[in-house]
Amino acid sequence: MQPSDLYGTAGIALFTLGLYGATRLGQPMRQVLSFNVASTGASMFLIAIAHRAASPLPDPVPHAMVLTGIVVAVSATALALVLINILGRPPGPPPTPNDHGH
Amino acid sequence: MTPMPLPGTAGPTDPGVRFLTPLAAAGSLLLFGIMAAAFRALPPPGGTLPRSVLEAVPLSGVVNPVTAVVLNFRGYDTIIEIAVLLLTAVGARAAAGSNAAAPPTPKPEPMLAAFYRLLAPVIVVVAGYLLWVGKHAPGGAFQAGAMLGAASILWRFCSGSPPPADRRRQELALYLGTVLFCTIGVGAQLAAPGFLQYPPDWAGWLILLIETGCTLSIAAALTVLFTACWST
């Protein structure tokens, strides 16, 4: 059992935990956090995969995928938070530019 | 930001769907078991992909294999990623609506503003270093862009006013990465073998140029996303 096996299994555990939360937690905010937990697990798994090789250099391809995935996860999370905020607004006419919201 | 009630009623307390919780738990556990078993059963690493990447790195114009993969061998991924970032920033700003220009401003803190004046140059220097070092060590556009974006968001926290960048410059920075990346990609198609296939002699400088544009774009997009979250 190598350290990378442990990290990879923990990544899978985080991924499935996040998936469970995303399906079973009713509130959108918690679902977004669950998806973040799942994506962290996926990144962890990919990094563990990259370190399985015997060579001292890790496999750069999974690393590049994680780097891409982090940025996409951040931007998707921010967009989801904006949409959640809009969902949570009290019903009524949208605020006018002069109105400072809320 | 004021706390607000979160919508959504189909929580675990909803009696109609209570049986779904053990079902979802069992499904997640089963999925974990399958994936963990598949991970254990993976053949020992010995594929040709890592070796062929490491062999091709000298042709990529950079020394760091991760940068070579991100910006040269799998440039498609990165171009789409920058476009996704641009799309979400534009989408979040549009969804935040017209009051995005007038977010609630916290009270200005003189000590924090003074501290920020000390911190900002350091952040900019570190961002420039990260951008440059990506050529031969871990670093690059994403790390540098995250630093610059953090500097811009810190300004909002410390000074209580929006970042002092004017709107037109922010727009320019937001679109710069995608436009530059696409232009260089298409230029490579017109002048050389194909889309995003840089000539090896120029590759290092083209990658640095793309990374510089992407750094500014990532910083601008993170700022726009944060402002949109803040102001809704």
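We did not get these values from a lab; they are worked out from the coordinates using the rules stated. Keep in mind it's a predicted model, so treat the numbers as computed, not measured. Positions of Cβ are generated from backbone atoms using ideal geometry, with glycine treated the same way; all protein chains shown enter the neighbour counts.
Listed values, structure above:
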| quantity | calculated |
| --- | --- |
| Model label zone, B:V63; criterion: amide N under 17 Å from point 7 Å along Cα-to-beta-carbon; scope the stretch B:108-152 | B:129-140 |
| Kirkwood hydrodynamic radius over Cα pairs of the stretch B:111-216, then Stokes diffusion coefficient at 37 °C and 0.692 mPa s, in µm²/s | 216 |
| For the protein assembly as shown, calculated [θ]222 nm from helices alone, where every DSSP H run of n ≥ 4 adds -39500 (n - 2.57) | -23500 deg cm²/dmol |
| Local net charge near B:V62, Cβ-Cβ under 15 Å (Lys/Arg +1, Asp/Glu -1) | -1 |
| Gaussian network model of chain B, Cα within-10 Å springs - most flexible of B:I80, B:I34, B:I207 | B:I34 |
| Computed magnitude of the charge dipole of the stretch B:62-231 (debye, nearest 20; Cβ of K, R +1, Cβ of D, E -1) | 380 |
| Three principal axis lengths of chain B [C-alpha, angstrom, descending] | 58, 53, 34 |
| Value of relative contact order over chain B, rounded to a whole percent, pairs C-alpha under 8 Å and six or more apart | 27 |
| The stretch A:3-86: relative contact order in percent, alpha carbon pairs under 8 Å with at least 6 residues between | 30 |
| Relative contact order computed over the stretch B:114-204 (Cα-Cα under 8 Å; 6+ residues apart), in percent | 16 |
| Most fluctuating residue given options B:M35, B:M147, B:M111, as computed from a GNM of chain B linking Cα atoms under 10 Å | B:M35 |
| Cβ neighbours within 10 Å from other chains - mean over B:138-146 | 2 |
| Volume per residue of the C-alpha convex hull in the protein assembly as shown, rounded to whole Å³ | 168 |
| Part-to-part distance (alpha-carbon centres) for the stretch B:137-155 and the stretch A:1-64, which is given in Å | 23 |
| For the stretch A:5-10, 3J(HN,Hα) per residue [Karplus equation, 6.51 cos²θ - 1.76 cosθ + 1.60, θ = phi - 60°, Hz, x = Gly/Pro] | 5, 4, 5, x, 5, 5 |
| Shape category assigned to the stretch A:3-86 from the gyration tensor of Cα positions, a/c cut at 1.5 | oblate |
